[in-house]
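Report on one structure; see the data block that follows.
A short reminder: the numbers here are calculations on the coordinates, not readings from a lab. Fair warning: this is a prediction, and the values are worked out from it, not measured in the lab. Note that we place each Cβ from the backbone using ideal geometry, even for glycine, and neighbour counts take in every protein chain shown.
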Amino acid sequence: QFGFQPGRNTTQALVSVVDRISRAFEQSEVTIGVMLDFPNTFDTVQHKILLSRL
């Protein structure tokens, strides 16, 4: 996981994915990628409770 970690960024995540796909391709392995985006995930979070626990 690259999100919300110090020293990690989306470029490193992309390089990691491309590297893994390349290695699998070279070894004639099947590769499947599933990308999920949950844009409204935090809309239902009770922010007062979350902030009190941080």
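Putting +1 on Lys and Arg Cβ atoms and -1 on Asp and Glu Cβ atoms, find which of Thr11, Ser52, Ile32 reaches farthest to the positive end of the dipole of the chain.
The residue sitting most towards the positive pole is Ser52.
Compute the length gained on full extension between Thr41 and Phe4: take 0.36 nm times their separation in residues and subtract their Cα-Cα distance, giving the result in nm to one decimal. Write down the numbers at each step before the final one.
On the way: separation 37, 0.36 × 37 = 13.32 nm, distance 1.53 nm.
Full-extension gain reported as 11.8 nm.
In degrees from 0 to 90, rounded to the nearest 10, what is the angle of the helix 10-26 Cα long axis to the longest principal axis of the chain?
In the chain, helix 10-26 runs at an angle near 30 degrees to the longest axis.
Would you indicate which of (1) 34, 14, 8; (2) 19, 17, 12; (3) 24, 17, 6 is the value of semi-axes √(5λ) of the Cα gyration tensor in Å derived from the coordinates of this structure?
Correct label, based on the coordinates given: (1).
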